[in-house]
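Notes for the one structure printed next.
Each reported figure results from applying straightforward, stated rules to the coordinates on display, with no laboratory input. Nothing here was measured: the structure is a model prediction, and the numbers come from that model. When we count neighbours, we look across all protein chains shown, and the Cβ atoms used for this are built from the backbone with ideal geometry, even at glycine.
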Ligand code: KG4
Ligand code: ZN
């Protein structure tokens, strides 16, 4: 079964082909440089760029793989949550392809696709605890199979990736700051006393990261080490040791906070031996090693996508689409896109059961 995946929910236009659950090839155009000029994603610009890139990227993918539209069985498209105008570009393109080439349409929940991404390089095992840490979300899930999960916790304000990006901006780092802050943290010495572990003195599985960015602003105003150059810092070599130390302390505070809630969730579900981490922040080196150690100590396993599959990509959309497709699910051409903050409806129809494959 050949599945074409399309991702356009934020600032990456990406397409990928998955055949029988394995990645064949992928193409991606990032708009990060354009949005970096504004210090964050500008929705109107994002949708225009998706519109500009999506056709040529499709041609490039077909050329690279020797595939053609008529051979695609399923078009899986990221249907939300995300920026509405951006999602519309991807879904309109997907619907056009389905009409023209006779493929089945599957609207994929972008968040579930992140969680399933590690299936591209590992065998997925269930039940699993899912930790989704991205620029827009910080969620915990109890997952019973690839297409069924219950949300256990979420952020009540900023997402963890947002905390990285906003704190990075305060510290004078270029946008998006997560990857750079991670690299600077590896050169620094963390001090546990610098930053709090926010919202852990409770008994829930929710997160709150907005206070951490305020703590970074306060710390930065009290310590005079900020990068004085007018343009944001984008190279590790240009950072002072004080800045690296501050990044290491911030990074540790974030990772400790996530670990506290993950441990709490695992205590509530003692049958769970698998932890699936996903989303852009799952590329974080300290978080990856801490989650691995945590699960090894419990006799379990952490499944992590490779770092390039942590951030937005179309391979995860195609793979998630394949998981739905082999279970007989699909959408009508009336599929709606779902903006950020809205619940993704359970509106797939099942045209055949998995046993009929
Ligand atoms: O999953 P993603 O590509 O987009 C969303 O769906 O939100 O995540 C992007 C987020 C950004 O906030 C970025 O700063 C963060 O992931 N990020 C990282 C790292 N790489 C990307 N955060 C911490 N450490 C990293 N290595
Ligand atoms: Zn994402």
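Taking the chain as a Gaussian network of alpha-carbon nodes connected by springs under 10 Å, the highest mean-square fluctuation of the residues 232, 176, 56 belongs to 56.
Remark: spin-label model distance residue 148-residue 285 equals 4.1 nm, labels positioned 7 Å along the Cα→Cβ axis.
For the chain, modelled as a GNM whose springs connect Cα atoms under 10 angstrom apart, the maximal fluctuation among 178, 211, 135 occurs at 211. Using the rule -39500 (n - 2.57) for each DSSP H run of four or more residues, divided by the residues of the chain, the 222 nm mean residue ellipticity is -12500 deg cm²/dmol.
Springs between Cα atoms under 10 Å define the GNM used for the chain, and in it the highest mean-square fluctuation of 312, 206, 346 occurs at 346. The C-alpha atoms of the chain define a longest principal axis, and helix 210-222 lies at about 40 degrees to it.
For the stretch 224-295 versus the stretch 78-123, the spacing of their alpha-carbon centroids is 29 Å.
Look at the alpha carbon pairs under 8 Å that are at least 6 residues apart: their mean separation over the length of the stretch 1-80 gives a relative contact order of 41 percent. Across the chain, Cα pairs under 8 Å and at least six residues apart give a relative contact order of 24 percent. Across the stretch 29-141, the mean sequence separation of Cα contacts (distance under 8 Å, 6 or more residues apart), normalised by length, yields a relative contact order of 21 percent. For 114, 35, 223, 137, the sequence from fewest to most other C-beta atoms within 10 Å is 223, 35, 137, 114. Between residue 346 and residue 204, the simple label model (points 7 Å from Cα in the Cβ direction) yields a spacing of 2.3 nm.
The angle separating the long axis of helix 285-297 from the principal Cα axis of greatest extent in the chain is about 80 degrees. Here the Kirkwood formula, the inverse mean of 1/r across different C-alpha pairs, assigns the stretch 244-321 a hydrodynamic radius of 13.6 Å. Projected over every direction and averaged, the convex hull enclosing the alpha-carbon atoms of the chain yields 17.7 nm².
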